[in-house]
Amino acid sequence: MEFIILGGTVLTMGQAGRIREGAVVVEDDRIIDVGPADELKTKYRRYERLTADKCVIMPGLINAHQHISMSLLRGYADDYPLREWLEEHIWPLEAKMTGYDMYVGSLLTCAESLLGGVTTVNTMYHYAHPDWNEARAIAEMGMRGVVGHVCFSWRREEDRRALEDLAKRWHGAENGRIRVSVDPHAPYTVGPDYMVELRRLTDELNERYGDKGPITFHIHVAETADEPEKIKEAFGVEVRKGVFAYLDELGVLKPDVVAAHCVALTSQDIEIMAKRGVKAVHNPVSNMKLASGICPVVDLLRAGVVVGLGTDGPCSNNTADMLETMKFAALLQKVARGDPTALPAEAVLKMATLNGAMALCWDEIGVIEPGKKADIIVIDLKKPHLTPLYSEESHLVYAAKSSDVKTVLVDGQIVVGDGELKTMSLEKVMEMAEKAREDLLSRLEE
Ligand SMILES: [Zn+2]
C-alpha cells in the first residue's frame with residue numbers, strides 16, 4: 001500500500017523534530033518520506049490520502065514491559081499485600097490457565113493496546129503451547145512484539161524446550177513483526193548458575209537466529225528493596241553491593257539486557273548499568289499500585305542509561321494505557337524529587353517511543369524517518385481537554401487520553417481506523433474473554 005498522511009503536526013522524535021502542517025509518506029511496510037505537507041502533496045500526488053488535520057502524527061508507542069496474557073485476571077484480586085496476592089490469589093488461578101486462555105487474554109490486551117496507540121509490546125509470560133500463545137495473538141492482531149518465555153530455576157528442562165521452540169517458530173516471523181526473548185523471571189527466582197546458563201543460551205540463540213534481529217534478555221531486576229534478602233533466602237547468595245553488581249559478577253550483563261523496574265538501585269548499580277549498556281524499563285503505575293518504590297529515572301538518564309516505559313501486566317496496573325503511564329511517569333519523578341522541572345513532557349515522550357525502541361534493541365522503530373518501519377499513530381487534538389493548543393508534547397503527556405487515538409498503522413497496515421479496530425472484531429474478542437474467564441473460574445472450583 002502507498003499513502004500519504006497529511007496535515008497536523010508530525011512529531012518525528014528524530015532529527016527532523018516537530019513539523020507543523022507536515023506529512024508522512026508510506027510505501028508497503030516502510031516510511032519513505034517526511035516533510036512539509038505542501039511539498040510532499042505534489043511530490044506524491046497519486047498516493048492515497050489520509051487526512052490528519054488538527055491531529056498529531058507520531059511514532060507508535062512502545063510498551064517495553066508487559067505480561068499480555070494476564071488480562072483474564074484483571075481485577076480478580078486487588079489491594080492485597082504482595083505475597084498474599086500472589087500465593088493465595090494469582091498463582092492458584094494462573095495454575096489453571098491453558099494455552100488457549102493465554103492466547104485469548106493476549107488478544108484482549110493487544111486490542112486494548114492498539115486502540116490506545118501502542119504498536120509494539122515487550123511481553124514476558126509462559127510459552128506453554130506451540131499453537132496457543134502470545135505470539136499468535138500478536139501476529140493475528142497485526143501488532144509488533146517481542147515475546148518471551150519466563151524461566152524459573154525449578155523447571156530448567158521445560159524452559160529450554162520452550163525457548164528453543166519459541167525462537168525457531170517465531171523469531172523474525174510475520175515480516176519481522178515478531179521477535180523473541182529469553183526471560184529469566186528475576187534474580188530471586190533464577191539461581192546464579194541458571195542465570196549464567198540462560199545468558200549462554202541467549203548468545204547461542206543469537207548465533208543461530210540473530211540475522212533476523214537480536215534476541216534480548218528480559219528480566220525483572222530490583223523491583224523492591226528486599227530483593228537481596230529474597231536472593232539470599234532462595235539461593236544462599238550474599239548480595240551486598242546491589243543487584244546489578246551481583247549480576248555483573250555473574251557476567252550476564254550486556255546491551256541486550258532489558259531490565260524491568262530498577263527501583264532499588266545502589267549508585268554502583270547505576271554505574272554498572274551505564275558501563276554494560278543495560279536498558280531499564282520504568283513501570284510507574286505498577287510500582288505505585290504494589291507500593292514497590294520509585295525508580296530513580298532522572299539519575300539513570302543522567303548516567304546515560306536508556307530508560308523505556310512500560311505498563312507491566314494487567315493485574316498490577318490494571319490497563320495497557322501508555323498515555324496514562326506517561327503522565328504517571330512525569331508526576332512520580334516530580335513528587336519524588338520535590339522538583340516540578342524533573343522529567344519534563346518531552347523526555348517522557350521520548351521514553352515511550354525512541355528509548356523504548358533502543359531498550360528493545362529494535363532500531364527500525366520508535367521514530368518517523370525515511371527507511372524506518374511504518375508504525376505510526378494519529379492522535380486527534382480536536383477535543384475539549386486538548387483545547388487550546390500551545391505545546392503538542394504537553395498535551396500528549398498531561399492531557400490526552402487513549403480514546404483520542406484515531407488511526408494506528410503497524411508495518412504499513414491500518415490496524416485502527418477512526419478509532420475502530422480493523423484486524424479483528426472487538427466484540428468477538430471481548431466475548432471470547434468473558435467465556436474464557438467463566439471456564440477458568442469453573443476449573444478453579446473443580
Ligand atoms: Zn512484570
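Data for the structure
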read-out: Segment 304-347 - residue that is of a type in the set (S, T, N, Q) and within 15 Å of the ligand (Cβ to nearest atom) and, of those, nearest to residue 64 (Cα to Cα); value: 311
read-out: Filter result for residue 290 (more than 15 Å from residue 351 (Cβ to Cβ) and within 16 Å of the ligand (Cβ to nearest atom)); value: yes
read-out: So residue 190, is it within 16 Å of the ligand (Cβ to nearest atom), modelled with pLDDT of 95 or more and not in a helix (DSSP H, G or I); value: yes
read-out: For residue 303: the one exception among (1) within 12 Å of the chain's Cα centre (by Cα); (2) surrounded by fewer than 24 Cβ atoms within 10 Å (Cβ to Cβ); value: (1)
read-out: Any hit, segment 99-121, residues being surrounded by 15 or more Cβ atoms within 10 Å (Cβ to Cβ), farther than 29 Å from residue 364 by Cα and not acidic (Asp, Glu); value: yes
read-out: Lone qualifier among 262, 295 - being within 16 Å of the ligand (Cβ to nearest atom), at positive phi and of a type in the set (A, V, I, L, M, F, W, C); value: 262
read-out: Pairs with Cβ under 8 Å, 6+ apart, first in segment 277-299 and touching a residue at least 40 places away in the same chain (Cβ under 8 Å), second of a type in the set (Lys, Arg); value: 298/337
read-out: Scan of segment 1-28 for residues that are out of contact with any Leu (no Cβ under 7 Å at 6 or more places or on another chain), surrounded by fewer than 21 Cβ atoms within 10 Å (Cβ to Cβ) and among the hydrophobic types (A, V, I, L, M, F, W, C), ordered by number; value: 1, 16, 19
read-out: Selection within segment 72-121 - part of a helix (DSSP H, G or I) and within 12 Å of residue 143 (Cβ to Cβ); value: 106, 107, 109, 110, 111, 112, 113, 114, 115
read-out: Subset of segment 124-137 that is touching a strand residue (DSSP E or B) at 6+ places or on another chain (Cβ under 7 Å) and either surrounded by fewer than 24 Cβ atoms within 10 Å (Cβ to Cβ) or in contact (Cβ under 8 Å) with a residue 60 or more places away in the chain (or both) - its residue that is nearest to residue 107 (Cα to Cα); value: 134
read-out: Condition broken by residue 301, with the remaining ones in (1) more than 16 Å from the ligand (Cβ to nearest atom); (2) over 26 Å from residue 340 (Cβ atoms); (3) of a type outside the set (Lys, Arg) satisfied; value: (2)
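The values are calculated or read from the model by the stated rules, or taken from the named source; none is laboratory data. Note that the structure is a prediction, hence the values are computed from the model and not measured. In this analysis, Cβ positions are derived from the backbone assuming ideal geometry, glycine residues included, and neighbour counts consider all displayed protein chains.
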